[in-house]
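Structure first, commentary second.
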């Protein structure tokens, strides 16, 4: 049995995501590592959001006004989180895990 206790390094949002997902499905050890990273990413997104809320979505630069670096990083972290969660193949409402998708010669390969 894999230990699904909430990792102590997670913040509030990361711990909430962890609790929700470990109640939803059983994960192998390697999948739990991905889940920890997704939860850490959720916490980072909260931190980045706090910076943007405090400082605004734009900053002045020698070239003019540009997007706040925290906003740019948040967009990158959202992509990371989406990919991590997709790789976990979290069960759907009918309790089926989404199909694994391989390369062109993977799951749908030519015989």
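Derivation of every value follows stated rules applied to the coordinates shown; laboratory data play no part. If you're wondering where the values come from, they're calculated on a predicted model, not measured in any experiment. Note: ideal-geometry Cβ built from the backbone for every residue, glycine included; neighbour counts use all protein chains shown.
Compared with the alpha-carbon gap, the fully stretched path from residue 63 to residue 75 is longer by 2.1 nm at 0.36 nm per residue. The slack between residue 5 and residue 90, meaning 0.36 nm per residue of separation minus the straight C-alpha distance, is 28.8 nm. Modelled spin-label separation between residue 46 and residue 29, with each label point placed 7 Å from Cα along the Cα-to-Cβ direction: 2.9 nm.
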